[in-house]
1. Could you tell me which GluC sites (Glu not before Pro) in segment 156-225 are loop residues by DSSP with no more than 10 other beta carbons within 10 angstrom of their beta carbon?
2. Test of the criteria: in segment 277-318, which chymotrypsin sites (Phe, Trp or Tyr not before Pro) are in a DSSP loop and have at most 15 other Cβ atoms within 10 angstrom of their Cβ?
3. Cα gyration tensor of segment 156-295, axes a ≥ b ≥ c as square roots of the eigenvalues: rounded (a/c below 1.5), prolate (a/b > b/c) or oblate?
4. Please compute, over every Cα-Cα pair in segment 92-192, the percentage with a separation greater than 22 angstrom.
5. Of all GluC sites (Glu not before Pro) in segment 257-355, which ones are in loop regions per DSSP and have a Cβ with at most 13 other Cβ atoms within 10 Å?
6. Can you compute the label reach from Glu143? Point 7 Å from Cα along the Cβ direction, backbone N cut-off under 11 Å, restricted to segment 273-315.
7. List the pair-distance distribution P(r) of segment 223-331, using every Cα-Cα distance, as the percent of pairs falling in each 10 Å bin from 0 up to the bin containing the longest distance, rounded to whole percents.
8. State whether segment 172-244 is rounded, prolate or oblate according to the following rule on the C-alpha gyration tensor (a ≥ b ≥ c being the square roots of its eigenvalues): a/c under 1.5 gives rounded; otherwise a/b larger than b/c gives prolate, and the remaining case gives oblate.
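Just so it is clear, none of the values below were taken in a lab; they were calculated from the coordinates. Since this is a predicted model, take the numbers as computed values, not measurements. For neighbour counting, all protein chains shown are included, and Cβ atoms are generated from backbone atoms with ideal geometry for every residue, glycine included.
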Amino acid sequence: MTEKLQTLMREQADAVDFAAPDLDTMIAAGDRRVRHRRLGAAGGIAAVAAGVVLVAPFLTSDQRAVEPTGPTGAAPISWVDGTTLHEGARTTDLEFRPRAYVRTAGGYVLADGKGAVWSWQDGDRTLVGSTDARDLRLVSDEESGLAGWVSRDGSEYVVMDQLAGTITGYDAPAGTQPGDFAALDAGRAYWSGENGPVVVDLESLAETPVHGGRGTYLGDLEDDLVAVSGDQGVVIETLDGTTVLEPTNSYADLGYLSPDAHYYTWDADELQVYDVRSGERVSVDVGGRGFATGFDWLGTGTLAVLAAADADDSSVAELLVCEVPAGSCRQVAELGPFDSLTDSLVLPVGIPIDG
């Protein structure tokens, strides 16, 4: 999140102490194993390490049919307060305290303070893996069932399909950190390969190097656009390195492309939404609030926003839903002063709000 918000939201309390999962045991308990073939760097396909697929018995046919979107096609705004998951007006007791979570088309994937990763679907919680508790990061494709993370020991990129009930591990380069797994979209992953950032087709294992960028930050992926480091923060580029959007005076290091890659919002103290196609900033009326940052695209033109009258720890945090490009916003929740949320608020951005 923004530096200002990170300052306001101090380090969250550890979650309930669950035993660290044994991934080897979990895989051995699966219905079957499939080894992906190792491909050489030929014909545009670079070497991607072999993966192990677990066809996990954690999903039922009824759960796979879950449709989290509303009647307009936009998903309900969601957040976690302590152990309570809010989905619009609906609340559910998770019975544990997550520190990070993401949304998919099949449910939610959450990580607790010990690094255990959980799949949550229609009230059922299932342990599906583990990651580094010191640096939590989850990613997902909200238009499919895909979610991902880096394994606890950093040896694998792990991709779960909540709808298909599978978990796949791909060997990661030595020294891989959670932030090296940046995004998932349409069956592709954006992560750090042996020789730099790549977009990988998870079915064919074909790699496309990401040539653009002048730093180490890996950002979002939608369609054939990626977010990379620029001279003044994040820029949006095509996979061949052509810059399509580079705003001025925006040093934010995090942001989100809309599901159709038409808009991009930077994580900043002032709400910034840009039309990727025209390069123009879109005006969004947040009602004079001094702090506002977009954090989740609920649909192609519907953005969830965290806002407050001012950016200080006594200001009351609010959640807004804003329509783009119309620019109108409505308040959907009032959460209380920031300083009362320091150990409880989690947003579906894949990292702790103080991260």
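1. Values: sites: Glu156, Glu194, Glu203, Glu207, Glu222; in loops: Glu194, Glu203.
Loop-located and lightly packed - Glu203.
2. Values: sites: Phe291, Phe295, Trp297; in loops: none.
Taking segment 277-318 and a limit of 15 other Cβ atoms within 10 Å, no loop chymotrypsin sites (Phe, Trp or Tyr not before Pro) are found.
3. Numbers: a/c = 2.00, a/b = 1.68, b/c = 1.19.
It comes out prolate by the Cα gyration axes.
4. Details: 1029 of 5050 pairs.
Summing the P(r) tail past 22 Å for segment 92-192 gives 20 percent.
5. On the way: sites: Glu270, Glu280, Glu318, Glu323, Glu334; in loops: Glu270, Glu280.
In loop regions of segment 257-355 (DSSP not H, G, I, E or B), the sparsely surrounded GluC sites (Glu not before Pro) are Glu280.
6. 300
7. Distribution as computed: 15, 48, 29, 7, 0 percent.
8. Values: a/c = 1.78, a/b = 1.22, b/c = 1.46.
In terms of gyration-tensor shape, oblate.
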